[in-house]
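> Here you go, one structure.
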Amino acid sequence: MNGANGHIVEATHISRVFPMPAGPVTAVADVTLRIAPGDHIAIRGPSGCGKSTLLHMLGCVETPTSGTLLFTGNDVTKLSDRQRSLLRLRSIGFVFQRFYLLPMLTAAENVELPQSEANVSKAERRGRTKELLEYVGLASRADHRPSELSGGEMQRVAIARALANRPGLLLADEPTGELDRATGEQIAALLDRVNADGTAMVIVTHDPALAERSTRVLSMRDGRIENETASA
C-alpha cells in the first residue's frame, strides 16, 4: 500500500536536531523528498553531512524534529514505538556496511529471524528462506555461520535477510564499504537486480561508481540536499 499520491515515502521539510551539551546540533535541515515504487536513489556527500541520519528517518528509526514524514500515507511522527517497529519489520529492509548478522546463527537462520518476528509460519519461512538464498547465490551456504563466510557472502545473506518480509523499500548504508572492488561490484549488481525486480531502493554511498547505477543521485552538504541529478 502506498500513499494517496502513489509514493512510499513523502518527506516534507523534515529536520533532525540533536541536543548536545554545547548546544543543539542540526544533522538534517529542511529536506523534502518523495520516494516512489521502483525508485533507485543514491545519496552522496562528505562524512558528517547527515546522510545516515536522513536514511534513518526515511527508515522510521529516527523521527523528525520538525516537518512531516509520511510512510505509505501514515504520519510516522504520530505512530507509537511499537507501531514504528512493526512498520520497519514488515515494510522496510535494511542493509549495513558491517552486515550485522547474528554470529551464533547460520545463514538460513539469520534470514528466517525477521520472518519469525513477523509471525510467518515455519513452513512458509523455510520456503521463503530457501528461495532467497538461491536468489542471492548462496543456497549451498545455508548452514554456514557468518565466521565461515567471506565478506561478500555475508553481505549477500544480509540482503536476503533484508528482503525476507517482502519490503517495498530497501535502505542501504555504504553496502560495499567493507568489500574489495570486485566483490563490491557483485553486490552492486545484486542490488540492481533487487531494484529491477520491483523494490524501491535508497543507498548512502561514498562510491561514485555505485551512485551512478542509481536513477536519482542526491548530493548532501551540511544537512541539506544541495542538488539532485538524474543518472543512468
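Where a number appears in this text, it was derived from the coordinates with a stated rule and is not lab data. Fair warning: this is a prediction, and the values are worked out from it, not measured in the lab. Methodologically, a virtual Cβ is constructed for each residue, glycine included, from the backbone with ideal geometry; neighbour enumeration extends over all protein chains shown.
> Which one of the conditions (1) without any contact (Cβ under 8 Å) to a residue 12 or more places away in the chain; (2) crowded, with 19+ Cβ neighbours inside 10 Å does Arg166 fail to meet, given that it meets all the rest?
All conditions are met except number (2).
> Just checking, does segment 21-34 include any residue being surrounded by fewer than 21 Cβ atoms within 10 Å (Cβ to Cβ) and either within 16 Å of the chain's Cα centre (by Cα) or under 18 Å from Val95 (Cα atoms) (or both)? Break it down stepwise before answering.
If we filter segment 21-34 for residues that are surrounded by fewer than 21 Cβ atoms within 10 Å (Cβ to Cβ), which is where we start, we get 21-26, 29-30, 32, 34.
Restricting the remaining residues to those that are either within 16 Å of the chain's Cα centre (by Cα) or under 18 Å from Val95 (Cα atoms) (or both) gives 34.
Within segment 21-34, one or more residues are surrounded by fewer than 21 Cβ atoms within 10 Å (Cβ to Cβ) and either within 16 Å of the chain's Cα centre (by Cα) or under 18 Å from Val95 (Cα atoms) (or both).
> Only one of Arg128, Arg156 is of a type in the set (D, E, K, R), surrounded by 14 or more Cβ atoms within 10 Å (Cβ to Cβ), touching a Leu at 6+ places or on another chain (Cβ under 7 Å) and without any contact (Cβ under 8 Å) to a residue 40 or more places away in the chain. Can you tell me which?
Working: Arg128 fails: touching a Leu at 6+ places or on another chain (Cβ under 7 Å).
The match here is Arg156.
Per-residue answers, yes or no, for (1) of a type outside the set (Phe, Trp, Tyr); (2) in a helix (DSSP H, G or I):
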site	(1), (2)
Ser85	yes, yes
Arg90	yes, yes
Gly93	yes, no
Tyr100	no, no
Leu105	yes, no
Val111	yes, yes
Ser140	yes, yes
Arg161	yes, yes
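> Which one is nearest to Gly38 (Cα to Cα) among residues in segment 198-216 that are crowded, with 22+ Cβ neighbours inside 10 Å and of a type in the set (Val, Ile, Thr)?
Ranking the qualifying residues of segment 198-216, first place goes to Val202.
> List every residue pair whose Cβ atoms lie under 9 Å apart, where the two residues are 6 or more positions apart in sequence or sit on different chains, the first residue falls within segment 29-52 and is in a strand (DSSP E or B), and the second residue, located anywhere, is of a type in the set (A, V, I, L, M, F, W, C) and loosely packed, with under 15 Cβ neighbours inside 10 Å.
His40/Ala196
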